[in-house]
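Participant: One structure, pasted below without further comment.
The values are calculated or read from the model by the stated rules, or taken from the named source; none is laboratory data. Worth saying up front: this structure is predicted, and the values here are computed from it rather than measured. Counting neighbours? That spans all protein chains shown, and the Cβs are built from the backbone with ideal geometry, glycine included.
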Amino acid sequence: MKYEEIIQSIKKKIFVPIYFLYGDEGFFIDEICSAIDKNVLSEGEKDFNQTIVYGKDTTIESIITMAKRFPMMSSHQVILVREAQHLDKIELLESYINNPQKSTILVICYKYKKLDGRKAFAKKLKKNHLVFESKKLYDNQVPIWIENHVKAQGFSIIPSASRLLSEYLGSDLSRITNEVQKLLINAKVGQTITEDEIQEKIGISKDYNVFELQKALGKKDVLKANRIITYFASDPKNHPLVMVIAILYNYFINLGIINSLQDKSSSSIVSALGINPFFVNELSQSAHNYSYAKIVRIIGYLREYDAKGKGVDNPYTSNDDLFKELIYKILH
């Protein structure tokens, strides 16, 4: 099942005896646990029927013993196992998997580790219970996720604003969620979030960010590009060279892909890049300003300056000067 389907089924009071949640993105695992916490038991029932244990402090035998108990004055009991990746011999749960207590909801949070699907333990889990792999989003998926998350709260956000948030906050969904809540405080239901709200409530500049730098480079606007990198140099903590280069690298890769397409229609570009149609015209115009050969050279520059920014063959040059050199080579 997909994450959204799991959440909806829990809200509809459709539960399964075992939830095995694993993977590198802790946010989705925490959200499923939160949904179970809110929807299975009332606050009065939790005192006797909800147990939270940690993998470092318990054993499989203890978990099985707890899971086999009957609930007290409730239809269910919930056993939540956090940090289950630290459990020894988790495969010993197989005996309980084969014959679970129907009134128990056992939630295994196996964060940051993989489940070996080749083992009999994993096969039985997947066949008879709910197994969910929580995968980290790719960077290009984060803006769309932000738009959907904001929409689920009863608001909307323009694509350029969601992209600005993702550039500044990265792919840490927990951090993004916290910052989105700041945006929605005192906002009216149905309101559209713009870059102005982001600048006012979170402090991210709408004019001096890596996406404005991309626009300036795409238009070959030398003055604006240099203004932005001067701003970056004054705030290196929030605009580190290697992070900016990583985003520019993806940007010029996309321009190269556009130039290589025989069909340069909007639908073809959206399909090839997996981007929001909102950005197609901007990217198409930028691709027109750079030949394929120039883009190949720029990608080479980005790799070179990424290495220099990490100290490779660069004992003296500051990041400020590296920024200026790189931008000059891209634009000339």
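Participant: Does the stretch 97-112 hold any residues that are in contact (Cβ under 8 Å) with a residue 60 or more places away in the chain and assigned to a helix (DSSP H, G or I), and which are they?
Facilitator: Scanning the stretch 97-112 gives a single hit, Ile97.
Participant: For the stretch 220-243, which residues satisfy the criterion of being in contact with a Phe, Trp or Tyr (Cβ under 8 Å, 6 or more places away or on another chain) and either assigned to a helix (DSSP H, G or I) or crowded, with 16+ Cβ neighbours inside 10 Å (or both)?
Facilitator: The answer is Arg227, Ile228, Ile229, Tyr231, Phe232, Ala233, His239, Leu241.
Participant: Would you point out the residue of the stretch 164-182, among those that are touching a Leu at 6+ places or on another chain (Cβ under 9 Å) and touching a residue at least 24 places away in the same chain (Cβ under 8 Å), that is surrounded by the fewest Cβ atoms within 10 Å (Cβ to Cβ)?
Facilitator: Top of the filtered list is Ser171.
Participant: Report, ordered by the first and then the second residue, all pairs with beta carbons closer than 6 Å, sequence separation of six or more or different chains, a first member in the stretch 199-219 that is outside any loop (DSSP other than H, G, I, E, B), and a second member that is crowded, with 19+ Cβ neighbours inside 10 Å and of a type in the set (Ser, Thr, Tyr).
Facilitator: Gln214/Tyr251; Gly218/Ser286
Participant: Given the structure, is Leu106 crowded, with 19+ Cβ neighbours inside 10 Å and either in contact with a Cys (Cβ under 8 Å, 6 or more places away or on another chain) or at pLDDT 95 or above (or both)?
Facilitator: For Leu106, the condition - crowded, with 19+ Cβ neighbours inside 10 Å and either in contact with a Cys (Cβ under 8 Å, 6 or more places away or on another chain) or at pLDDT 95 or above (or both) - is met.
Participant: On the given criteria, is Asn276 touching a Pro at 6+ places or on another chain (Cβ under 6 Å) and either at pLDDT below 90 or exposed (fewer than 15 other Cβ atoms within 10 Å of the Cβ) (or both)? Before you say what the answer is, go through the steps one by one.
Facilitator: Values: touching a Pro at 6+ places or on another chain (Cβ under 6 Å): yes; either at pLDDT below 90 or exposed (fewer than 15 other Cβ atoms within 10 Å of the Cβ) (or both): yes.
Yes, satisfied.
Participant: Has the stretch 316-323 got any residue that is surrounded by fewer than 18 Cβ atoms within 10 Å (Cβ to Cβ) and farther than 23 Å from Ala225 by Cβ? Let's see the steps before the verdict.
Facilitator: Going through the stretch 316-323, the residues surrounded by fewer than 18 Cβ atoms within 10 Å (Cβ to Cβ) turn out to be 316-318, 320-321.
Those still in the list that are farther than 23 Å from Ala225 by Cβ too: 316.
Yes; the residues of the stretch 316-323 include at least one that is surrounded by fewer than 18 Cβ atoms within 10 Å (Cβ to Cβ) and farther than 23 Å from Ala225 by Cβ.
Participant: Quick one: count up the residues across the stretch 75-100 that are more than 30 Å from the chain's Cα centre (by Cα) and among the β-branched types (Val, Ile, Thr).
Facilitator: So the count comes out to 1.
Participant: What is the one condition in (1) surrounded by 15 or more Cβ atoms within 10 Å (Cβ to Cβ); (2) assigned by TED's automatic domain parsing to the domain that holds Glu325; (3) in contact (Cβ under 8 Å) with a residue 24 or more places away in the chain that Lys264 does not satisfy?
Facilitator: (3)
Participant: Name the single residue that is surrounded by the fewest Cβ atoms within 10 Å (Cβ to Cβ) among those in the stretch 113-145 being of a type in the set (D, E, K, R) and not in a helix (DSSP H, G or I). Don't jump to the end; show me each part of the working.
Facilitator: Of the residues in the stretch 113-145, the ones of a type in the set (D, E, K, R) are 113-114, 116, 118-119, 123-124, 126-127, 133, 135-136, 139.
Of the ones still in play, those that are also not in a helix (DSSP H, G or I) are 113-114, 116, 118-119, 133, 135-136.
Numbers: Lys113: 13, Lys114: 12, Asp116: 10, Arg118: 8, Lys119: 12, Glu133: 17, Lys135: 12, Lys136: 16.
The qualifying residue surrounded by the fewest Cβ atoms within 10 Å (Cβ to Cβ) is Arg118.
Participant: Could you please give the count of residues in the stretch 88-123 that are of a type in the set (S, T, N, Q) and in contact with a Pro (Cβ under 6 Å, 6 or more places away or on another chain)?
Facilitator: Residues of the stretch 88-123 that are of a type in the set (S, T, N, Q), as a first pass: 95, 98-99, 101, 103-104.
With in contact with a Pro (Cβ under 6 Å, 6 or more places away or on another chain) added as a condition, the list becomes 103.
Qualifying residue count, the stretch 88-123: 1.
Participant: While we're on this one: Looking at the stretch 173-221 only, could you name the residues that are touching a Lys or Arg at 6+ places or on another chain (Cβ under 9 Å) and basic (Lys, Arg)?
Facilitator: Once the filter is applied, which keeps residues that are touching a Lys or Arg at 6+ places or on another chain (Cβ under 9 Å) and basic (Lys, Arg), the stretch 173-221 yields Lys182, Lys201, Lys215.
Participant: Sort out which residues of the stretch 185-197 are of a type in the set (A, V, I, L, M) and modelled with pLDDT under 90, and write them in order of number. It would help to see each step written out before you state the result.
Facilitator: Keep residues of the stretch 185-197 that are of a type in the set (A, V, I, L, M), which gives 185, 187, 189, 193.
Scanning the stretch 185-197 gives Ile185, Ala187, Val189.
Participant: Here is a follow-up. Step by step: first the residues of the stretch 146-193, then only those that are outside any helix (DSSP H, G or I) and under 16 Å from the mean Cα position of the chain (by Cα), then the one that is farthest from Asp30 (Cα to Cα). Which residue is that?
Facilitator: Gly170
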